[in-house]
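Let me begin by presenting the structure, written as structure tokens, before commenting on it.
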Amino acid sequence: MDEQRRVAAFVDRHGLETPPEFRLLDLTSELGELAKNATESTGYGDDPGGLTLESDEVGDALFALLALAESVDVDAGEALDEALSKYDARLSEKETPASGE
């Protein structure tokens, strides 16, 4: 995935290498920032239609995820393809009526 290579190059260029366990903590923190956006923009759930997420926070979470994938030698593009295949198979199973019906 080109985005993963871009993140890896950025990390390398700026000396931001860190162990995978810290990458996972960073990802969790960034997802927390998105949850904070959601909580505040919806009035703590009172206005679900008011949901807004700051694009830079989405970008931070994406950066953290791609940096984590790189640090554990997982190709994010291949992982996404695997996930989409898995979800497609699950949805296909739900759409197929059980035998005898």
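Bear in mind that the values in this text are calculations on the coordinates, not laboratory data. Quantities reported herein were computed from a predicted structural model and do not represent experimental measurements. A quick note on method: Cβ atoms are made from the backbone with ideal geometry, for glycine too, and the neighbour counts reach across all protein chains shown.
Numbers below:
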{"read-out": "Residue match in the stretch 78-101 (condition: assigned to a helix (DSSP H, G or I) and either in contact with a strand residue (DSSP E or B) (Cβ under 7 Å, 6 or more places away or on another chain) or surrounded by 15 or more Cβ atoms within 10 Å (Cβ to Cβ) (or both))", "value": "no"}
{"read-out": "Residue check for residue 50: surrounded by 10 or more Cβ atoms within 10 Å (Cβ to Cβ), without any contact (Cβ under 8 Å) to a residue 12 or more places away in the chain and of a type outside the set (Val, Ile, Thr)", "value": "yes"}
{"read-out": "Unique match (being closer than 23 Å to residue 80 by Cα and either small (Gly, Ala, Ser) or touching a His at 6+ places or on another chain (Cβ under 6 Å) (or both)) among 9, 38", "value": "9"}
{"read-out": "Subset of the stretch 53-76 that is loosely packed, with under 13 Cβ neighbours inside 10 Å and not aliphatic (A, V, I, L, M) - its residue that is nearest to the chain's Cα centre (by Cα)", "value": "59"}
{"read-out": "Pair list, Cβ under 7 Å, 6 or more apart: the stretch 58-86 residue under 17 Å from residue 16 (Cβ atoms), other residue surrounded by 13 or more Cβ atoms within 10 Å (Cβ to Cβ) and among the small types (Gly, Ala, Ser)", "value": "66/76; 69/76; 69/79; 70/8"}
{"read-out": "Test for residue 45: is it part of a loop (DSSP other than H, G, I, E, B), without any contact (Cβ under 8 Å) to a residue 24 or more places away in the chain and more than 26 Å from residue 1 (Cβ to Cβ)", "value": "yes"}
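To keep it simple, each residue is scored yes or no on (1) touching a Ser or Thr at 6+ places or on another chain (Cβ under 7 Å); (2) under 21 Å from residue 10 (Cα atoms); (3) of a type in the set (Val, Ile, Thr).
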| position | (1), (2), (3) |
| --- | --- |
| 36 | no, no, no |
| 52 | yes, no, yes |
| 56 | no, yes, no |
| 59 | no, yes, no |
| 72 | no, yes, yes |
| 75 | no, yes, no |
| 81 | no, no, no |
| 87 | no, no, no |
| 94 | no, no, no |
